[in-house]
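Reviewing the structure listed below.
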Amino acid sequence: MARVKSQKFDRHIVEGPIHSAVWKLAWPTMLQNVVAGLQGIVDHTLIGHYVGFEGNAAVGVSWQIFLVVVVFVGSVFTGMGILVARFAGAGDSEKVNRVVYQACLVAFIITGGILAPAGYLLAPTLLDWVNAAPEVQAEALPYLRTILVFSIGMLFYFLIAGALRAAGDARTPLRLGLMMTFLNLGLSVILIRGLGPIPAFGTIGAAMGTVIASGLVSLIAFYLLWSKQLVVRMGGCWKPDFRIIRQLFRFGLPTGFQGIAMNLGGVLLMGFVGALPNSAEAQAAYVVAYTQLFSLITWTSVGLMAATSTVVGQNLGAGLLHRARRAAVTGAAIGLLVAIAMGTLYLAFPEPLLKIFGLEDETVLALGRQLLGYLSVSGLFVTVALNYNGALQGSGDTRSPMVVTVISQLIVPVGILFAVQHYSTLQPGHVWLAIVIGHFLRGTLNVIRFHQGRWIDIKVDIDN
């Protein structure tokens, strides 16, 4: 098949200053993730005021489970991103288009055929695993079932956005993401609290807003993709191409297992929080401080991770090894500046930040204030960890981050907490410290692994 000559990739990623290449891809994704994080803050604020902290805990528990369940689908996106970045760096639009179509095909089959029915049936069991209090489970079950059954829109948006970023276009995902976030905001305000003839749905209203907004925006993204208005398009053979699918899973599956390990660690941590005295209050503090306020660091770092991955992958596709190395250091430096700023905010204004979410209970505030102190340090480690994770993935080395994550996010912190629980009395500070230790270890091991340079010899192709 001949290449589409009008399909051009941004050559500044492989030709211009490396800091400009990283920043050009990073800032749209960082901004989008911050705005998307504000959506979560609005949801939690409304739920905190109209439902109570049990609703906050229910949303946090549900999202922790959702992330564990969907990482297998997300692994296809990672494999796609690695392939697209390499081929875009080499200027091969025909291979880019073939990869994007096959990734869409696989994601549709997995999401519609497996995730939706299994998620609906297994949701009660999944909630039992995290030791959610009965009042939290009552709010969480309909929320979790809604986002699992109707997740296809959200996942397809992430797939298309990931393909565009890997090809060097970070601004279109930003525009689509902002559209989805503001639509979600409007729907959440209406559906959570009610408006006119529309009743107040409470916690499940937040899930309804999320799936409606993501579904509509994913339809718009598909239209743009099919109408050839984007830098990536649907192309190649319309039936499954198992050469490409094998490569998607070759690079993506380790990331899927990495995500399972990371989020399983999160679920187990939630279980330890649920085993603390005043478990409902502890879970509410954990959800707001860790999954919401700390996301202002993690989501910006995820944006940098995606940018670094693309810059590394495209420069390797163009044969520019030295630029790939420099991209990792540049992304980490930017991330540290953001983490320092946010950590200072956590230390200076903990209670005002927590009260934004409607948290007024003195026990919840005390636990949240304590956790934010730990997270102000942990943010420095997690931003380095995520950036070098992206650098390794962009090179095609997805196995090393998987091993590092299993060690640092699952074995070590969970092992520490099991030991404390067995030999002593588990306290909130033990859980918060285990989080910091895990992030420190993840950052250190990812940096060491990248600078060992074993990723240099990884070959990426779809024609063999």
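The values are calculated or read from the model by the stated rules, or taken from the named source; none is laboratory data. Bear in mind the structure is a predicted one, so any value in this text is a computation, not a measurement. With ideal geometry, Cβ positions are generated from the backbone for all residues, glycine too; neighbour counts draw on all protein chains shown. Ligands, DNA and RNA are excluded from the accessible area calculation, which covers all protein heavy atoms including side chains. Shrake-Rupley method; radii C 1.70, N 1.55, O 1.52, S 1.80 Å.
What to note about this one:
- Altogether, the Stokes-Einstein calculation at 4 °C and 1.567 mPa s, with the Kirkwood radius of the range 208-357 over Cα pairs as Rh, returns a diffusion coefficient of 66 µm²/s.
- Note on the range 288-327: along the principal axes its Cα atoms extend 44, 14, 8 Å, ordered by decreasing extent.
- Residue-by-residue Karplus 3J(HN,Hα) for the range 413-422, coefficients 6.51, -1.76, 1.60, Hz, glycine and proline x: x, 5, x, 4, 6, 4, 5, 4, 5, 7
- Estimated purely from DSSP H runs of n ≥ 4, each contributing -39500 (n - 2.57), the mean residue ellipticity at 222 nm for the chain is -26500 deg cm²/dmol once divided by its residues.
- Listed values for the range 340-354 are Karplus-derived 3J(HN,Hα) couplings in whole Hz (6.51 cos²θ - 1.76 cosθ + 1.60, θ = phi - 60°), namely 5, 4, 6, x, 4, 5, 4, 6, 7, 9, x, 5, x, 5, 5, and x replaces Gly and Pro.
- Total lysine pairs whose alpha carbons fall under 14 Å of each other in the chain (8 or more apart, or interchain): 4
- Its relative contact order, with pairs defined as Cα atoms under 8 Å and 6+ residues apart, puts the range 401-449 at 54 percent.
- Heavy-atom accessible area per residue - the chain, 1.4 Å, Å²: 38 Å²
- Kirkwood Rh in Å, taken over all unlike Cα pairs in the range 128-211: 14.5 Å
- For the range 310-461, the share of accessible area belonging to carbon and sulfur comes to 66 percent (1.4 Å probe, ligands and nucleic acids excluded).
- Computed from the C-beta positions of residue 114 and residue 222 and an R0 of 30 Å, the FRET efficiency is 0.90 to the nearest 0.05.
- Its Cα gyration tensor gives the chain an equivalent ellipsoid; the semi-axes, largest first and in whole Å, are 35, 25, 20.
- Rg/Rg_ref, the range 398-464, where Rg_ref = 2.2 N^0.38 Å and atoms are Cα: 1.53
- Anisotropy class assigned to the range 330-427 is oblate, per the alpha carbon gyration tensor with a/c at or over the 1.5 cut-off and a/b no larger than b/c.
- The chain, relative contact order [Cα under 8 Å, separation at least 6], %: 24 percent
- From phi via Karplus (6.51, -1.76, 1.60), per-residue ³J(HN,Hα) for the range 78-95 in Hz, x at Gly/Pro: 5, x, 4, x, 5, 5, 4, 4, 4, 6, 5, x, 7, x, 9, 5, 4, 5
- The label point for residue 348 and the one for residue 128, both projected 7 Å from the Cα toward the Cβ, are 4.9 nm apart.
- When the Cα gyration tensor is reduced to axis lengths a ≥ b ≥ c, the ratio a/c is 1.5 or higher for the range 1-150, and with a/b not above b/c it is classed as oblate.
- Here the translational diffusion coefficient of the range 183-258 follows from Stokes-Einstein with Rh set to the Kirkwood radius across Cα pairs; for 20 °C and 1.002 mPa s it amounts to 136 µm²/s.
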